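Reviewing the structure listed below.
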Amino acid sequence: MVAGLLRRLNSRLKLAVEGVQDYVLLSARGTAALFTRPRYPNEILAQMDSLGVGSLSIVVLTGMFTGMVLALQSAASLDTFGARPYVGRLVCVSMVRELGPVLTALMVTGRVGSGMAAVLGSMVVTQQIDALRVLGTDPVRKLVAPRIAAAVVMVPLLTVLSDVLGIFGAGLISIFNLKLSWAYYWRTVGNALVLNDVVMGLVKPVAFGYILATVGCYAGLSTTGGTQGVGVSTTRSVVLASVLILASDFFMTKILLLLFPVV
Amino acid sequence: MGDILRKIQEATQDVGDRVQDVTDRVTESVAELFGVGSADRPPERQRALDEPIVSFRDVHLAFDRPILRGVSFDLFAGSTKVVLGGSGSGKTTLLRLILGLIRPDAGSVRVDGVDVAKLDEDGLRQLRLNIGMVFQEGALFDSLSVAENVGFRLIEDGEPEELVEARVAEMLGFVGLQAHADKSPSELSGGQRRRVAFARALAARPGIMLYDEPTTGLDPITATTITDLIVKVRDLDGATSILVTHQLRDAFNVARTFVHRQGDEFVHHRVQELAQLAGTDFLMLREGQVVFEGSPHELTVSQDPYIREFLS
């Protein structure tokens, strides 16, 4: 009984270590392929379109509503201290440093990371990946590298859009609900925003984009078990990428706060 | 002024060359580090003329259970090997080993004189340039049109557009699908998808053709059009072929049928007497072991109970 449990635990651990090893290797090969020939610029542009333009609507809505609800919630707390006028400052720093990057990455993971896993998983089970290799094309170079490049470029851009719309949405609430003046709100926002915030707000989405693309591709390419396996890979990619994004956010925040302290 | 401009131009050229040199060196180092080289070095061809083009020697392979157990056989240039066996007997695995998609646990697989297990990704890429593969369900790229699928390898190799178009038209003509060039693979029937897969595999004029159950799930008439294509590739292009199938009717069709060109016509001959057949050998696998290797006639007269049951 105990021996059986230990054997199963041992085999699970081995599989987990193998999984990590394969993921790191795939990420490294995908990254290295961006710097060696042949490259696929058309694939990169197609992925940028799919990932960036295709995610605009969800990022716009998420950013806007997050900013609005943040303004409402923080105003209620700030009122206790008579600090309602600082709502712009609080929303701006929260959006740029934390909520914009994390929420954008999570939304893009749900929409695009799962899509990457589904597309690549389908290609695995229908032998299209094997066909690519047989036809002399490296699937990592053709499929993984363009997705990494697109995510690393587009997630920061989407994050900036989300930040701007979040702050704008909070501005609308500040004027129509909290009775602050438009000019005053934007002055507090301008005063709050410093270079350190912008750096932190732009470094994180680059890492998040890398994580969601590599995890999506890894989950897709490691698909087994036919069409049912594609569903499993899709779910796995979203769960794994979301957890990794949140965990890496904590560690990156610790490091970035040391490098760029709040002034 | 002209001198100055010329010197600036020369200096710029020199700097450009140096930067390119450094970039290439860094690229090679990174590629070596991660195993994603872009070098175009050809594989070392070591096959003597009388050596087999494909050779398996005591090949063993296991995943969660043994797949191949001591498989050995040879395939000589221009001949055809039909691999028979039930589901899970290891037939498709043979093809994956030849292509270097998987590596054996023990034994050696030599293709064109090269030990496949010893090749890196670049070497395998070069080796695969001489191999065409028709997958079980076609494995066409859904996001590309029929014409783009057929010309995929040529496009990837950066061949001129005119050459690609001409070759695609020729190949689609060969499989009788000229009118379907702009269609998506999802608009094709199962038989048409297999024929496009044929055209794609043949586009780069490979010397070795591998067929993985190309007639599975097709009606007898469509299956015959597929076996006719296999025969045409064998007899007209002189390709060395391995056909993996469990459909006896199709296996014997390939062995019995011959084709030659008469003007613009393809003339098919059918040999009824199995003892007179040459050029096609059968190999039968059972649970990862070779239980028969020989001519179609020898297969039909075998007294092995498993073979008798398989043939019945």
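The values are calculated or read from the model by the stated rules, or taken from the named source; none is laboratory data. Keep in mind that this is a model prediction, so the values were computed, not measured. Note that each Cβ is placed from the backbone with ideal geometry, even for glycine, and that neighbours are counted across all protein chains shown.
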Problem set entry | Out of B:Leu140, B:Leu97, sole residue that is in the same structural domain as B:Ile226 (by TED's automatic domain parsing) and either more than 16 Å from B:Arg193 (Cα to Cα) or among the aliphatic types (A, V, I, L, M) (or both) | B:Leu97
Exercise. Inside region B:150-162, can you point out the residues that are touching a helix residue (DSSP H, G or I) at 6+ places or on another chain (Cβ under 7 Å) and assigned to a helix (DSSP H, G or I)?
Worked result: B:Val150, B:Phe152, B:Leu154, B:Ile155
For this session: Could you tell me which of the residues B:Ser89, B:Ser108 is surrounded by fewer than 20 Cβ atoms within 10 Å (Cβ to Cβ) and not assigned by TED's automatic domain parsing to the domain that holds B:Ala179?
Result: B:Ser108
For this session: State whether the residues of region B:10-24 include one that is surrounded by 15 or more Cβ atoms within 10 Å (Cβ to Cβ), at pLDDT below 55, farther than 23 Å from B:Gly132 by Cβ and within 14 Å of chain A (Cβ to nearest Cβ).
Result: no
For this session: Taking only region A:164-195 into account, find how many residues are within 15 Å of A:Val69 (Cβ to Cβ), in a helix (DSSP H, G or I) and not aliphatic (A, V, I, L, M).
Result: 6
Exercise. Hey, among B:Gly78, B:Gly70, which residue is more than 22 Å from B:Glu309 (Cβ to Cβ), of a type outside the set (Ser, Thr, Tyr) and in a strand (DSSP E or B)?
Worked result: B:Gly70
For this session: Scan region B:77-101 and report the pairs whose first residue is closer than 16 Å to A:Ile129 by Cα and whose second residue is modelled with pLDDT of 90 or more and hydroxyl-bearing (Ser, Thr, Tyr), with Cβ atoms within less than 9 Å and a gap of 6+ or a chain change.
Result: B:Leu95/B:Tyr211
Exercise. Can you name the condition, by its number, that B:Phe258 falls short on among (1) among the aromatic types (Phe, Trp, Tyr); (2) under 25 Å from B:Leu163 (Cα atoms); (3) not in a helix (DSSP H, G or I)?
Worked result: (2)
For this session: Give me a count of the residues in region A:90-136 that are under 30 Å from B:Arg200 (Cα atoms) and not polar (S, T, N, Q).
Result: 18
For this session: Being part of a helix (DSSP H, G or I) and within 11 Å of chain A (Cβ to nearest Cβ) is the filter; apply it to region B:111-149 and report the residue that is nearest to A:Pro41 (Cα to Cα).
Result: B:Asn149
Exercise. If we scan region B:89-101, do we find a residue that is part of a loop (DSSP other than H, G, I, E, B), hydroxyl-bearing (Ser, Thr, Tyr), away from every other protein chain (no Cβ under 14 Å) and in contact with a Leu (Cβ under 9 Å, 6 or more places away or on another chain)?
Worked result: yes
For this session: Among the residues of region B:176-208, write down those that are within 12 Å of the chain's Cα centre (by Cα) and surrounded by fewer than 23 Cβ atoms within 10 Å (Cβ to Cβ).
Result: B:Ala204, B:Arg205, B:Pro206, B:Gly207, B:Ile208
Seminar exercise, completed: Subset of region B:231-249, residues modelled with pLDDT under 90, in contact with a Leu (Cβ under 8 Å, 6 or more places away or on another chain) and crowded, with 22+ Cβ neighbours inside 10 Å, comes to B:Val233
Seminar exercise, completed: Going through region A:124-162 in order, the residues found to be within 17 Å of A:Val215 (Cβ to Cβ) and more than 17 Å from the chain's Cα centre (by Cα) are A:Val124, A:Pro139, A:Val140, A:Leu143
Exercise. Just for region A:115-160: of the residues that are among the small types (Gly, Ala, Ser) and buried (at least 22 other Cβ atoms within 10 Å of the Cβ), which one is nearest to the other protein chains (Cβ to nearest Cβ)?
Worked result: A:Ala131
Seminar exercise, completed: The helices (runs of 4 or more DSSP H) lying wholly within region A:42-109 that contain at least 3 residues that are closer than 30 Å to A:Leu143 by Cα are A:56-80, A:100-108
Seminar exercise, completed: Residue count, region A:172-187, condition in contact with a Leu (Cβ under 9 Å, 6 or more places away or on another chain) and modelled with pLDDT under 90, comes to 2
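Residue by residue, here is whether (1) in contact (Cβ under 8 Å) with a residue 24 or more places away in the chain; (2) in contact with a Leu (Cβ under 8 Å, 6 or more places away or on another chain); (3) within 28 Å of B:Arg65 (Cβ to Cβ) holds:
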site	(1), (2), (3)
B:Asp212	yes, yes, yes
B:Ala223	yes, no, no
B:Ala251	yes, yes, yes
B:Asp264	no, no, no
B:Glu287	yes, no, yes
For this session: Evaluate the following for A:Asp22: is it in contact (Cβ under 8 Å) with a residue 12 or more places away in the chain and of a type in the set (Asp, Glu)?
Result: yes
For this session: Using the structure shown, decide if A:Thr66 is touching a Leu at 6+ places or on another chain (Cβ under 6 Å), in contact (Cβ under 8 Å) with a residue 40 or more places away in the chain and polar (S, T, N, Q).
Result: yes
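Every residue, every condition in (1) more than 27 Å from A:Glu98 (Cβ to Cβ); (2) within 14 Å of another protein chain (Cβ to nearest Cβ); (3) buried (at least 18 other Cβ atoms within 10 Å of the Cβ), yes or no:
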| residue | (1), (2), (3) |
| --- | --- |
| A:Ala3 | yes, no, no |
| A:Leu6 | yes, no, no |
| A:Asn10 | yes, no, no |
| A:Lys14 | yes, yes, no |
| A:Val59 | no, no, yes |
| A:Gln73 | no, no, no |
Problem set entry | Of residues in region A:196-234 being of a type in the set (Ser, Thr, Tyr) and part of a loop (DSSP other than H, G, I, E, B), the one farthest from A:Ile148 (Cα to Cα) | A:Thr224
